[in-house]
Amino acid sequence: MTHGSLFGVAVLAATVLGGGAAGASTLVIGGGAAKDCSNAAIEGRADRNSVITCTAALETENLTFRDRARTYVNRGVLQMRQRDFPSARADFDAAAKIDPELGEAWVNRGATYVGEERYSEGREQIDRGLALGVKDPEKAWFNRALANEGLGDLAAAYRDYSKAAELNPAWDAPRSELARFTVKRP
């Protein structure tokens, strides 16, 4: 069975630096376990059964190479929500190996590094994902802000939170982070 696919976004439930980091999932259109895995990632779930569903899709369904890569991203997002960063990163690595142009794989890999306080590595991966393009770049900018803040570059963090807020004015997370800053003009 093959599935067409589109991109979607899920917000990572784990907290990093006091703010919620964002994970970009992918939408798989069609039926079966791959679609259920996609729905779990998009709906913000983090339960073990959803990870098992994704694994079943990868092991038993005849997926196109794009849907296989996207299913790895979705399972990685679920594992990232469980703060299982090494397993999540392995899935993002697998997705990027299948489809090196899948920006979400790189952005999410970066988010795992940010979750482990490996901020420089995280920022590098996020930058690569942004360069490739992602459907919801505000999530990548938000994670990049977390990395910059972790590196002590508060001016860059402020700019990145601002960019995330500009790209999605309805999203509260960047505005909440920006409220912590005081901007002083010389």
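The values are calculated or read from the model by the stated rules, or taken from the named source; none is laboratory data. Given the structure is predicted, the values throughout are model-derived calculations rather than measurements. Neighbour counts are summed over all protein chains in view; Cβ atoms, including those assigned to glycine, are modelled from backbone coordinates with ideal geometry.
Do any helices (runs of 4 or more DSSP H) lying entirely in the range 54-156 carry at least 2 residues that are closer than 24 Å to GLY32 by Cα, and which ones are they?
Answer list for the range 54-156: 65-81, 85-98, 103-115.
Determine the pairs where a residue that is in contact (Cβ under 8 Å) with a residue 24 or more places away in the chain and over 17 Å from GLY103 (Cβ atoms), located within the range 52-70, has a partner that is surrounded by fewer than 18 Cβ atoms within 10 Å (Cβ to Cβ) and among the aliphatic types (A, V, I, L, M) with Cβ atoms under 7 Å apart, the partner being 6 or more residues away or on another chain.
Here the result reads GLU61/MET1; ASN62/MET1, each pair linking the range 52-70 to a residue that is surrounded by fewer than 18 Cβ atoms within 10 Å (Cβ to Cβ) and among the aliphatic types (A, V, I, L, M).
Could you tell me whether ALA57 is closer than 30 Å to GLU149 by Cβ, modelled with pLDDT of 60 or more and surrounded by 21 or more Cβ atoms within 10 Å (Cβ to Cβ)?
no
Mind checking which residues of the range 77-90 are surrounded by 20 or more Cβ atoms within 10 Å (Cβ to Cβ) and in contact with a strand residue (DSSP E or B) (Cβ under 8 Å, 6 or more places away or on another chain)?
Going through the range 77-90, the residues surrounded by 20 or more Cβ atoms within 10 Å (Cβ to Cβ) turn out to be 77-81, 85, 88-89.
Residues satisfying the conditions are VAL77, MET80, ARG81.
Per-residue answers, yes or no, for (1) buried (at least 24 other Cβ atoms within 10 Å of the Cβ); (2) touching a Lys or Arg at 6+ places or on another chain (Cβ under 7 Å); (3) of a type in the set (Val, Ile, Thr):
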position: GLN125; (1), (2), (3): yes, yes, no
position: PHE142; (1), (2), (3): yes, no, no
position: GLY150; (1), (2), (3): no, no, no
position: ASP153; (1), (2), (3): no, no, no
position: ALA157; (1), (2), (3): no, no, no
position: ASN168; (1), (2), (3): no, no, no
position: ARG175; (1), (2), (3): no, no, no
position: PHE181; (1), (2), (3): no, no, no
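If you take the residues of the range 157-186 that are of a type in the set (D, E, K, R) and outside any helix (DSSP H, G or I), which of them is modelled with the lowest pLDDT?
That would be ARG185.
State which residue pairs qualify: first residue among the basic types (Lys, Arg) and inside the range 109-135, second residue surrounded by fewer than 22 Cβ atoms within 10 Å (Cβ to Cβ) in any location, beta carbons under 6 Å apart, and separation of 6 or more residues or different chains.
Going by the 6 Å Cβ cut-off, the qualifying pairs are LYS135/PHE7.
Scan the range 148-167 and report the pairs whose first residue is under 15 Å from GLU117 (Cβ atoms) and whose second residue is surrounded by fewer than 19 Cβ atoms within 10 Å (Cβ to Cβ), with Cβ atoms within less than 7 Å and a gap of 6+ or a chain change.
ASN148/ALA156; GLU149/LEU17; GLY150/LEU17; GLY150/GLU117; LEU151/SER120
Take LEU63 and tell me if it is modelled with pLDDT under 95 and either in contact with a His (Cβ under 9 Å, 6 or more places away or on another chain) or on the phi > 0 side of the Ramachandran plot (or both).
yes
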